[in-house]
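Report on the structure given below.
The values are calculated or read from the model by the stated rules, or taken from the named source; none is laboratory data. Being a predicted model, the structure only gives us computed values, none of them experimental. Note that we place each Cβ from the backbone using ideal geometry, even for glycine, and neighbour counts take in every protein chain shown. Just the protein is used for accessible areas: all its heavy atoms, side chains included, with ligands, DNA and RNA removed. Shrake-Rupley method; radii C 1.70, N 1.55, O 1.52, S 1.80 Å.
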Amino acid sequence: MKPASPLKLALALLTLAALAGCSDAPDTPHSPETDRTYVHAMDGAPATLDPAQASNLYANTLVVNLYDTLYRYRYLTRPYVLAPNLAEDLPQVSEDGLTLTIRLKQGVRFIDDPAFAGGVGREVTAHDVVYSLLRHFDPESRAQGAWLWRGRLVGLDAWKDAGADYENPPPGLLALDDHTLQLTLTQPYPQIVHTLAQGYAAVVPREAVDAYGRELGVRAVGSGPFQLESFDRTRAVLTRNPGFRQEPVDLAQEGYDPNRDGALGLEQIEGRAPPFLDRVEVEFIAEDAARWNSYYAGETHFIKVPVAQFDQVLTGRSPAQLAPELADEHHFEAAPEAGFVYTSFNMADSSFGHHPNPEQAERNRALRCAMVKGFDWSRRNQQFFGDMGQVFPGVIPPVVPEFDAKMDRNSVTRDLEGARALLRDHGWTAENLPEMGYGFPSSVTERQLFEQFRGFMAEIGYPPEKLQPQVYATFGDYYRAYSQGEVSLITTGWTLDYPDAENTLQLFYGPNASPGANNGSFRDERFDALYEQAAILGPSPERTRLFQ
């Protein structure tokens, strides 16, 4: 799902949720028997809820509840599979795989809002889908999702270069009528339907964009199950959309397994139509201790367990086991995260990144490799992930079949002497090493992550004063800065947008450079050529070979 704070993306994901009806504690602020309010805690706040900027996990979590996408996932099915959402069914695909025809459900309406004539929401049409995707290629919208479709749809890039005229959409993105969408690909792209399930692909009415401009980020106008009551840097409040379409849940179709999912109480929603809540309150609480205290006091209903509380919550770690005194009143899950935590160099900075002079380029590469060798993943995992993360080489996570378990682990094994030798052999000294800014959102834990990193680098001879903190008020502010190339060292996390290794490899594809998903602006002709060969293939031994 997009970038997130590195601690949000702990490679061993631990979740703890109060079971509805298991406790009659008087200090529980909201009861499902009264107002059906759910209170959720997140460790970061999005800067905007405009789908065109749904560029991180925090924004995406809210956007897909406020807006509709053509497709969604059956989250109880393993592995995950796509399902129609705003679309009637999966696309009709031409024999050559280049043309997709998608029928939209009729009668779906945007929420009532002053942006519409008479304040009454109108029907969602295929023209709205076209408009919403085109926004990502309109320079005026400052959208950040173009990397999903750049070079994929016929004429889309040329449409941008010709002035982004919405009255003349490109031939690869057309509304054939009010309820029929046609996509024409430049070449086969098996993941195209997955892109239409992302927050970036959420359907927005043009009237709302014209009426609110930048304020759309705090005035969501969608057709999703909830509507926005309020949003600021401390919390978001969502209320039930009374006009949301009635589509009863079929648990069997969703992939429900009573042996695996029986403790979740999902039988209660069989045959009922969502949303099942009247109100959702999302609290943005950056500090681990504050988030834990909020949960423990009954003020929030869900939490990702902070590492500092592992010993209190768990009696075992391999596998993770919940303490007996908590088991009766809580539901607990531990599973590998579909993604990773990583640090990128801003390769656009020639003082340590790409450089036109081959000799300096090689010196810079040696510097970066020295810093990689000097990083201690074992200590990072131990101190900040409770030694429950999985340290692995490369950028293909272990949760996808293309992961190569035999890959050389040298890139994640600390080598102090090797790091020092690289600096020495390439003429780097304490005096000429470049200054770098290490970015992070404001919190005690994020500051500790930085100080640990600076300590690692001091051990290879990097002067601490040359590695300076760049602190941002929220993760949204931090993301905006590093996506615009304003941060030297970018530490973040990535969860898969869709269950395919292509989604992590595109993070390093040259054309996706900042402000795209390749926030470090890495480029390598060999990598790009292999990626382009693999991206047009469906899952196969040949694609796996190219990926690896």
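A simple spin-label model places pseudo-atoms 7 Å from Cα toward Cβ; at Arg214 and Tyr166 they are separated by 1.9 nm.
Here's the picture: charge each Lys and Arg Cβ at +1 and each Asp and Glu Cβ at -1 in the chain, and of Phe137, Pro242, Pro84 the one pushed furthest to the positive end of that dipole is Phe137. Projecting the Cα atoms of Tyr166, Gln448, Ala197 onto the dipole axis of the chain, where Lys and Arg carry +1 and Asp and Glu carry -1 at the beta carbon, places Gln448 farthest toward the positive end.
Sequentially through region 330-335, phi angles give Karplus couplings (6.51, -1.76, 1.60; θ = phi - 60°) of 9, 9, 9, 9, 9, 7 Hz, Gly and Pro residues having no value and appearing as x. The charge dipole of region 260-373, taken about its Cα centre with unit charges on the Cβ atoms of Lys, Arg (+1), Asp and Glu (-1) only, comes to about 740 debye.
Report the gain in length on full extension from Gln390 to Gln548: 0.36 nm times residue separation, minus Cα-Cα distance, nm rounded to one decimal.
In short, 55.0 nm is gained.
Close amide-amide hydrogen proximity is noted between Val204 and Ser132, each under 5 Å apart and 5 or more residues distant or on a separate chain (H modeled in the peptide plane; Pro and chain starts excluded). Were the residues from Ala481 through Thr99 laid out at 0.36 nm apart, the gain over their Cα-Cα distance would be 133.8 nm.
Suppose accessible area is computed on protein heavy atoms with a 1.4 Å probe; arrange Arg72, Arg526, Arg152, Arg545 from highest to lowest. Numbers along the way, then the final one.
On the way: Arg72 80, Arg526 180, Arg152 30, Arg545 145 Å².
Output order, biggest surface exposure first: Arg526, Arg545, Arg72, Arg152.
Evaluate E = 1/(1 + (r/R0)^6) for Glu267 and Thr315, where r is the Cβ-Cβ distance and R0 equals 30 Å; express this FRET efficiency to the nearest 0.05. Calculated value: 0.55. 3J(HN,Hα) couplings calculated from phi for region 423-429 with the Karplus curve 6.51 cos²θ - 1.76 cosθ + 1.60 (θ = phi - 60°) are, in sequence order, 5, 4, 5, 10, x, 8, 10 Hz; Gly and Pro show x.
Placing R0 at 60 angstrom, the Cβ-Cβ distance between Arg424 and Arg206 gives a FRET efficiency of 0.50 after rounding to 0.05. Packing around the peptides 337-346, 436-445, taken as the average count of other Cβ atoms within 10 Å per residue, puts them in this order, highest first: 337-346, 436-445. Extension gain for Glu287 to Asp404 (0.36 nm times residue separation, less C-alpha to C-alpha distance): 38.6 nm.
Over the chain, what is the percentage of antiparallel beta bridges among all DSSP beta bridges, to the nearest 5? Don't skip to the answer; put the middle values down first.
Numbers: 51 of 68 bridges.
In the chain, approximately 75 percent of DSSP beta bridges are antiparallel ones.
Shape of region 475-534 from the C-alpha gyration tensor: oblate (a/c of 1.5 or more and a/b not above b/c, with a ≥ b ≥ c the square roots of its eigenvalues).
When a/c reaches 1.5 or more, the comparison of a/b and b/c decides; with that in mind, is region 136-201 rounded, prolate or oblate per its Cα gyration tensor? Rounded shape, in that the Cα axes give a/c under 1.5. Here the Karplus curve 6.51 cos²θ - 1.76 cosθ + 1.60, taken at θ = phi - 60°, turns the phi angles of region 224-237 into couplings of x, x, 10, 10, 7, 8, 7, 7, 8, 6, 9, 6, 10, 10 Hz, with x standing for Gly and Pro.
Taking the Cα centre of the chain as the origin, how large is its charge dipole in debye, to the nearest 20, when only Lys and Arg (+1) and Asp and Glu (-1) carry charge on their Cβ atoms? Don't jump to the answer; show the numbers that get you there.
On the way: 47 positive and 74 negative charges, 209 e Å.
Dipole size: approximately 1000 debye.
Placing R0 at 35 angstrom, the Cβ-Cβ distance between Gln452 and Glu325 gives a FRET efficiency of 0.60 after rounding to 0.05.
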